[in-house]
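Bear in mind these aren't lab numbers, they're just calculated from the coordinates by the rules spelled out. None of the values given here were measured: they were computed from a predicted structure. So basically every Cβ, Gly included, is an ideal-geometry build from the backbone, and we count neighbours across all protein chains shown.
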Protein chains: 2
Amino acid sequence: MAERVIVKEVAPRDGLQAQPVHLSLEQRQRLIESLAKTGVPELEIGSFVSPKAVPQMAGTEQLASQLPAQPLIYSALVPNMKGFELARDAGIKTQAIAISATEQMNQNNIRKSLTETFAMAADIVKRAASDSVDIHVYLAVAFECPYEGRVALRTILAQAAELMTLNPARLVIADTIGAADPAAVKEMMSELVAAYGAERLACHFHDTRALGIANVYAALEAGIRQFDSSAGGLGGCPFAPGAKGNVATEDIASLCQQMGLDTGIDMAALLESIALLSEFIGAPQGGRSHYWLVKNWQKIFASSH
Amino acid sequence: MAERVIVKEVAPRDGLQAQPVHLSLEQRQRLIESLAKTGVPELEIGSFVSPKAVPQMAGTEQLASQLPAQPLIYSALVPNMKGFELARDAGIKTQAIAISATEQMNQNNIRKSLTETFAMAADIVKRAASDSVDIHVYLAVAFECPYEGRVALRTILAQAAELMTLNPARLVIADTIGAADPAAVKEMMSELVAAYGAERLACHFHDTRALGIANVYAALEAGIRQFDSSAGGLGGCPFAPGAKGNVATEDIASLCQQMGLDTGIDMAALLESIALLSEFIGAPQGGRSHYWLVKNWQKIFASSH
C-alpha cells in the first residue's frame, strides 16, 4: 500500500473568494458536487463571513444544508466566534480559523492586534472542544507578510508552540502570498514535525512565484502528509495567464502519484471539475501540469472511466 | 558570499532546435549576444549537426566565429566525431555529446546500439583530451525512455560509472522527456554525488509535467550545483500554452535567489532576452515564474538597470 497524502480541496472557498466572477449558489453547489466525486478526503465548501465583506461566499449556510452524501470531511472557514456558531449550527463539524503571524496583517485584515487574534483563536478552539467541532488553525503569512516582510522562523516556532497548547485538530502553516521557498519550508516544517509530529500539521501554499510544487515536495521531505490545494490552481487573477492562486490539486496529485504516494484522487473526475470551473469562471483554469495532464493523465494515473 | 550555482543557458541550442519557427542566423546571433549579457557563466550556442536533420541549427560554425567578447564558456552540442572535429576547428573548447541510457532510444535517435554509442563517447572524450577540449557527456532519458519506460536507477549508476572512467569534464544527467520526479532525482543524484562528488555532475531537466523546479530543488538538496536551463522555458510547442520545454532559466534563478544561492544572473537582462525570444518566435515565451517576475522581479533581485 502506498503511503497516504491527505488533500483538502479548497477551491470552493479560497479559490472562489477572490474571484471577480461571482458564482451563483447553484454553481457553487454543482462545483461542490463535482469535487466531492474526485476522491479528495476533505472539501472546504465556503466561509461564514459577512456577505458585505465577501459577497462571493454569501449563502454558505445553504450549501451546508445540502452537502453531497459522499463520506467526506466538509469544512468551512470562520472569521470569529459568531462565524463559528453559525457554521456549527449549520452542521459543519470541521472549521478553519485563520490568524496572521504579524501584527500588521492582523490589523489590516481583521482590525485586531496579534494578541487579540490569538486570544480569539483560543476561545474558539476551547468552545469547539465542548461542541465536538474540530478546528484547523491556520497560521497565515507564515513565511512573508505583505506589510512586514520576511517572518523570522523563531517567530513561527514560538507562535506554533502557543497554538499547539490549545490542542487544535490541525495546525496549518500557510504561505498566504506565495513567498516561501523550499529551503525555508523544509527547515520550518522539519522543526515543527520534530516538535509535534506530522499528524496534526499541514501546509497551505500559493503558487504566486511558481515554487508551489517545490514547496510541497520540501514539506513532504520534512514529513508533512496533509496539504490544502485548489482544483485548477484557482485563485490569482482569472484574466492574467500565469497568475496563480493556490497550489493546484492536480499538481499535488501528479507529484504524489509519481513519487509513489497515494492521494486517492481520481484524475479523470478532477479534470471534469476543472472543466466545470473554467465554464463557471468564463476563462480556462488549470494548474501548472494541467496542459500535460489533459492529454496524458492515463500515463501516470489508472483510468477509472 | 552566497554559494554559487552554475547555469548553462541552452536556449540557442536545446530551446531552438525543436521550434517550428526557424530563426535566421542573424536572429540567433542577436539572441546569443543578448544572453551573453545576462550573467550566465555558460552558453550553448548551437549544435554541429547535419542541417538536413536539424535545419534550425544550420550555420552554427558561423556563430562560433563571431562570439561576443564576454568571459563566458561557449559550448556546442556535437553528435559524433565529425561534429567534434567541426566544432573544435571552429574554436569551441567545450562540447556536449549526448548518449541515451536505453538501447531503443539510441537506435531510434542515432541508429546506433547502446554499446556503439558508449564506444563513440569514449573515442570523443579521449580525442578531446589530446585536443584540449572539455567534454560534457549527457546521459539522456536517465529517468524514463519514451520507448522503454522507466529506467532503473542501477542502470544509470552502472552507466555513470562506465562514463566516469573516461574522466569527462562533466557528466550531465538528463531527464530528456521531463518524466523525473523529485524523489527519484534526489535518490539518483545523492548516489552519484556520494560516488564522484558534485563538481563534475550536472542536471538537465525538462518541465513537461511541471516538476522541473521541484526536480532542481531535489538535485540542489543532493548537492548538485550545475544545471542546464533555457531562457523563457523555451522548447515544447510554442503554440500550446503551458507546454513547456527546458526548465526555465528565470525559474532556476528565482528559486536560487530565494534560497540564498547565487547564479550571478541579471534578471532585468534575462527578461530582455526572453522578450527578444518572444519577438523571434512570434509567441509569448516565459517560464512558470515569468508572469510574476515581469512585474515583481525587483522584490527578490537587486535592480541593476
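Working note: Debye formula, equal point scatterers on the alpha-carbon atoms of chain A, no solvent; log10 I(q)/I(0) at q = 0.08, 0.12, 0.14 Å⁻¹ is -0.31, -0.73, -1.03. FRET efficiency for the A:Ala58 to A:Ala161 pair, using the beta carbon distance and R₀ = 45 Å, is estimated at 0.75. Using Cα centres only, tell me the gap between the stretch B:134-167 and the stretch B:58-115 in whole Å. One Cα centre to the other: 18 Å. Entry note, the stretch B:113-267: relative contact order of 17 percent, from Cα contacts under 8 Å with a spacing of 6+ residues. On the basis of the beta-carbon distance and an R0 of 25 Å, B:Ala2 and B:Gln298 show a calculated FRET efficiency of 0.85. Among complete DSSP H helices in chain B, those whose alpha-carbon atoms stretch at least 24 Å along the helix's long axis and whose mean Kyte-Doolittle hydropathy reaches 0.0 are B:114-130. Chain B holds its axis-closest Cβ, relative to the rotation onto A, at the residue and whole-Å distance B:Ala214, 2.
This ranking places B:Trp297, A:Trp292 by how few other beta-carbon atoms lie within 10 Å of each, fewest first, which gives B:Trp297, A:Trp292. As a proxy for reagent exposure, ranking B:Arg4, B:Arg13, A:Arg28, B:Arg111 by other Cβ atoms within 10 Å from fewest up yields B:Arg111, B:Arg4, A:Arg28, B:Arg13.
Below 11 angstrom from the Cβ of A:Arg288, what's the summed charge of the other residues (Lys, Arg +1; Asp, Glu -1)? Can you show the working numbers first?
Values: positive: A:Lys244, B:Arg209, B:Lys244, B:Arg288; negative: A:Asp207, A:Glu250, A:Asp251, B:Asp207, B:Asp251.
Neighbour charge sum, excluding A:Arg288 itself: -1.
Placing a label point 7 Å from the Cα of A:Pro51 along the Cα-to-Cβ direction, the distances to the matching points in the other copies come to 7.0 nm, shortest first.
Between copies, B:Ser303 shows label-point distances of 5.5 nm, shortest first, with the point placed 7 angstrom from Cα along Cα to C-beta. Counting only DSSP beta bridges whose two residues both lie in the protein assembly as shown, roughly 10 percent are antiparallel. Between B:Val172, B:Val294, B:Val141, the residue with the greatest mean-square fluctuation in the GNM of chain B (Cα pairs under 10 Å linked by springs) is B:Val294. Using DSSP, restrict attention to beta bridges with both residues in chain A and report what percent are antiparallel, rounded to the nearest 5. Counting DSSP beta bridges with both partners in chain A, the antiparallel share is about 10 percent.
Magnitude of the Cβ-charge dipole of the stretch A:153-280, K/R +1 and D/E -1, about the Cα centre, nearest 20 debye? Numbers along the way, then the final one.
On the way: 7 positive and 15 negative charges, 67 e Å.
That gives the stretch A:153-280 a dipole magnitude of about 320 debye.
Fraction of C-alpha pairs exceeding 34 angstrom in the protein assembly as shown: 43 percent, rounded to a whole number.
Between B:Ala152 and A:Ala194, the simple spin-label model (points 7 angstrom out along Cα→Cβ) gives 3.8 nm. Between amide H atoms placed 1.01 Å from N, distances below 5 Å from A:Val5 occur with A:Asp262, A:Thr263, all of them 5 or more places distant or on a separate chain. A Förster radius of 56 Å combined with the Cβ-Cβ distance from B:Ser24 to A:Arg111 puts the calculated FRET efficiency at roughly 0.40.
Excluding B:Asn106 itself, what net charge comes from residues whose Cβ is under 11 Å from its Cβ, given Lys and Arg +1 and Asp and Glu -1? Before the final figure, lay out the partial values.
On the way: positive: B:Arg111, B:Lys112; negative: B:Glu103, B:Glu116, B:Glu148.
With Lys, Arg at +1 and Asp, Glu at -1, the neighbours total -1.
For the residues A:Pro146, A:Pro68, A:Pro168, a GNM of chain A with alpha-carbon springs under 10 Å puts the largest fluctuation on A:Pro146.
Among B:Ser130, B:Ser113, B:Ser47, the largest mean-square fluctuation in a Gaussian network model of chain B (Cα springs under 10 Å) belongs to B:Ser130.
Sorting A:Thr249, A:Thr176 by the number of Cβ atoms found within 10 Å of their own Cβ, with the fewest placed first, yields A:Thr176, A:Thr249.
When only Cα pairs under 8 Å and 6 or more residues apart are kept, what is the percent relative contact order across chain B? 19 percent.
Can you give the net charge of the other residues whose Cβ lies under 13 Å from the Cβ of B:Gly264, counting K and R as +1 and D and E as -1? Write out the running numbers ahead of the final one.
Details: positive: B:Arg4, B:Lys8, B:Lys37, B:Arg225; negative: B:Glu3, B:Glu9, B:Glu42, B:Asp262, B:Asp266.
Neighbour charge sum, excluding B:Gly264 itself: -1.
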